[in-house]
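Structure first, commentary second.
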Amino acid sequence: MKKLTLTLCLAMIAMAGMAQFERAKQVYVHADLETLTKQHKIVAILPFETKISYKKQPKNFSAEGNREQEKTMSKNIQLSMFTFLLRKKEDYSVQFQDPEKTNILLKKAGVLDRPDEFTKDEIAKILGVDAVLGGRFETEQTKSEAGAIASAVMFGGFGGKTGTGTIFLTLNDGKSGELIWRLFKTMDANITSATDDLIERMMRKVARNFPYAK
């Protein structure tokens with residue numbers, strides 16, 4: 001009886017944790033989303049904009065080091081998104097451009113370090129794709145040691161119980177540059193882990209509403 005009670009308690013705790021993880025999710029869908037996405041064949045995943053902040057700035061904080069962590073996290077999320085979509089490629093009606101090719105083309109065109117100076121249709125033309133999937137990840141860390149965060153980022157994750165996070169996903173039509181789909185989601189500190197896990201959890205919840213799902 002005690003074992004059963006303990007099991008039920010653990011299950012309830014797990015469900016509560018997931019409920020908190022899902023506590024905020026907003027989706028925008030363009031009126032002509034279905035018509036537009038039917039014309040798409042290849043989609044590029046852009047490096048994510050990232051921002052790491054702290055509730056209380058650690059003593060060993062380095063602005064330069066923080067920027068490097070953000071750059072690393074940006075590519076980690078981009079690669080994790082591609083890995084997930086590639087693994088589920090049979091479920092989608094389009095192909096996704098390899099991030100390595102995407103980043104090389106962006107770098108050659110002088111876009112990689114200043115994407116905000118280009119429109120989404122300009123970027124799509126440079127990449128030779130029909131649409132671009134991008135986004136932004138913001139996290140506010142609560143740990144006092146910046147080094148703990150740096151280690152987590154280097155190994156593809158955010159560490160356990162390090163803070164709160166907000167992720168935005170955007171899909172823009174390559175021809176017009178217009179925003180046709182957007183997802184906003186917040187996450188609790190006890191959910192943060194590897195970027196693969198972050199994307200896996202998020203995409204599982206939006207799979208049915210993801211624009212290219214068959």
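Residues in segment 176-197 that are crowded, with 21+ Cβ neighbours inside 10 Å and of a type in the set (S, T, N, Q) were compared, and the one that is modelled with the highest pLDDT is T195. Considering segment 40-62, the residues that are over 21 Å from S74 (Cβ atoms) and of a type in the set (S, T, N, Q) include one that is modelled with the lowest pLDDT, namely Q57. Filtering segment 46-63 for residues that are in a helix (DSSP H, G or I), open to solvent by 20 Å² or more (accessible area, probe 1.4 Å) and over 26 Å from R204 (Cα atoms) leaves a non-empty set. Restricting the first member to segment 78-96 and to residues that are farther than 17 Å from D130 by Cβ, and the second to residues that are open to solvent by 70 Å² or more (accessible area, probe 1.4 Å) and charged (D, E, K, R), the beta-carbon pairs closer than 7 Å and six or more apart or on different chains are S80/D196; T83/D196; D91/K214. Hey, among the residues in segment 13-39 that are modelled with pLDDT under 50 and open to solvent by 100 Å² or more (accessible area, probe 1.4 Å), which one's farthest from I180 (Cα to Cα)? Among them, the one singled out is I13.
Checked against the criterion of being at pLDDT 85 or above, open to solvent by 10 Å² or more (accessible area, probe 1.4 Å) and part of a helix (DSSP H, G or I), the candidates E200, E122 yield just one match: E122.
For segment 97-119, which positions are surrounded by 15 or more Cβ atoms within 10 Å (Cβ to Cβ) and in contact (Cβ under 8 Å) with a residue 12 or more places away in the chain? Residues satisfying the conditions are Q97, P99, T102, N103, L105, L106, V111, L112, P115.
Does segment 90-109 contain at least one residue that is touching an Asp or Glu at 6+ places or on another chain (Cβ under 7 Å), modelled with pLDDT of 85 or more and under 26 Å from Q141 (Cβ atoms)? Within segment 90-109, none of the residues are touching an Asp or Glu at 6+ places or on another chain (Cβ under 7 Å), modelled with pLDDT of 85 or more and under 26 Å from Q141 (Cβ atoms).
Of note, L79 does not satisfy the criterion of being over 19 Å from T50 (Cβ atoms), part of a helix (DSSP H, G or I) and not β-branched (V, I, T).
The values are calculated or read from the model by the stated rules, or taken from the named source; none is laboratory data. What you see is a predicted model, and the numbers here were worked out from it, not measured in a lab. When we count neighbours, we look across all protein chains shown, and the Cβ atoms used for this are built from the backbone with ideal geometry, even at glycine. These area figures cover heavy atoms from the full protein model, side chains too; ligands, DNA and RNA do not enter into them. Shrake-Rupley method; radii C 1.70, N 1.55, O 1.52, S 1.80 Å.
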